[in-house]
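One structure is given here, and the rest of the page talks about it.
The values are calculated or read from the model by the stated rules, or taken from the named source; none is laboratory data. Note that the coordinates shown come from a computational prediction; the quantities given were computed from them, not determined experimentally. Using ideal geometry, Cβ is built from the backbone for each residue, glycine included, and neighbour counts are taken over all protein chains shown.
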Amino acid sequence: MTDYILYEQAEGIATITLNRPDKLNAFCEPMHVNLREKLQEAAKSDAVRCVILTGAGRGFSAGQDLGERMMQGTDLGETLETFYSPIIHQIRNAPKPVICAVNGVAAGAAANIALACDFVIAVKSARFIEAFIKIGLMPDSGGTWFLPRLIGEARAKAMALLGEPISAEQAADWGLIWQAVEDEALDETVQVLAQQFANGPTIAYGLTKQAIQAAMSQSLEAQLELEGKLQRILGNTPDYAEGVDAFNNKRPPKFTGREK
Ligand code: T3D
């Protein structure tokens, strides 16, 4: 099978690269299957404490391969259920930080896959395009959920209904993404952050992520309850003991990310 996804693992960091650069990394079925496998591997492996998702070549991804959609009659609801929605679930449920390194244009479903990640760092030359409307579709892969939460209804509707490109700097100003960096600074910026996560308290990252995501759709009361439940778990981790001991002894902590 063609390697539409590259996977590298080193020093606690798994790097997953969308690898179909001649098609701007547009998603075809085998690429979906490869990506799902690799996201699962990275999420499950204790040796991986941070995941980087990026694209090969000049773009992050142009979304669905429209060459696969030449004929009418494809059940798009089914392709979302089978292919796109599971990717969003995998990223959101990964018990460790997922950084999206947006190396160029991110369009359609790919823009929303990026937004599902915990940190989005993009080169200044990148553009985010909710391109769906240009082909008579609406945002999917969580776009209608992420956009209003991240940038508010007015900007969400403008991005979705106009389908115009938003620059990385504009996206960062709006809070759609974490950071826009000079093109040549992307790798180093992402590596520094990934290394910080790979040496950090992994379980605390995972539960923090879980709690913040839960907050989007529940009451303060329910959130306080969840915080209590999750903090109880963290209070029993070796990283908590290490963090407190390191603080009291005025030394840097050495986190393992392990449960025991
Ligand atoms: O179908 C379902 O299952 C439902 C789910 C849908 C999810 C979706 O993602 S729908 C949205 C699909 N994506 C788009 O509509 C974006 C289409 N692409 C573009 O608008 C532009 O390519 C970009 C704005 C992304 C980039 O523009 P530019 O000028 O930098 O590059 P380009 O010249 O347009 O593209 C470069 C090559 O990639 C080109 O091939 P060629 O001519 O060099 O052989 C182009 O055809 C190809 N390409 C770009 N996007 C796609 C694509 N090939 C297939 N599918 C694409 N989406």
Practice prompt. Search the range 60-89 for residues that are within 17 Å of residue 113 (Cβ to Cβ) and modelled with pLDDT of 95 or more and pair each with any residue that is among the hydrophobic types (A, V, I, L, M, F, W, C) and in a loop (DSSP other than H, G, I, E, B) when their beta-carbon atoms are under 6 Å apart and the residues are at least 6 apart or on different chains.
Written response: 62/24; 62/26; 65/26; 65/28
Discussion item. I'm checking my understanding of the structure. Among residues of the range 43-74 that are within 30 Å of residue 255 (Cβ to Cβ) and basic (Lys, Arg), which one is surrounded by the most Cβ atoms within 10 Å (Cβ to Cβ)?
Written reply: 49
Worksheet item: In the range 59-74, how many residues are in a loop (DSSP other than H, G, I, E, B) and in contact with a helix residue (DSSP H, G or I) (Cβ under 7 Å, 6 or more places away or on another chain)?
Response: 3
Fill in: Among residues of the range 16-47, those that are more than 14 Å from the ligand (Cβ to nearest atom) and touching a residue at least 60 places away in the same chain (Cβ under 8 Å), counted
1
Worksheet entry | Test: residue in the range 175-184 that is surrounded by fewer than 16 Cβ atoms within 10 Å (Cβ to Cβ), in contact (Cβ under 8 Å) with a residue 60 or more places away in the chain and within 16 Å of the ligand (Cβ to nearest atom) | yes
Discussion item. Being under 18 Å from the mean Cα position of the chain (by Cα), touching a residue at least 12 places away in the same chain (Cβ under 8 Å), surrounded by fewer than 16 Cβ atoms within 10 Å (Cβ to Cβ) and in a helix (DSSP H, G or I) is the filter here; which residues of the range 209-236 pass it?
Written reply: 210, 211, 213, 214
Worksheet item: Of the residues that make up the range 247-258, is at least one part of a helix (DSSP H, G or I) and at pLDDT 95 or above?
Response: yes
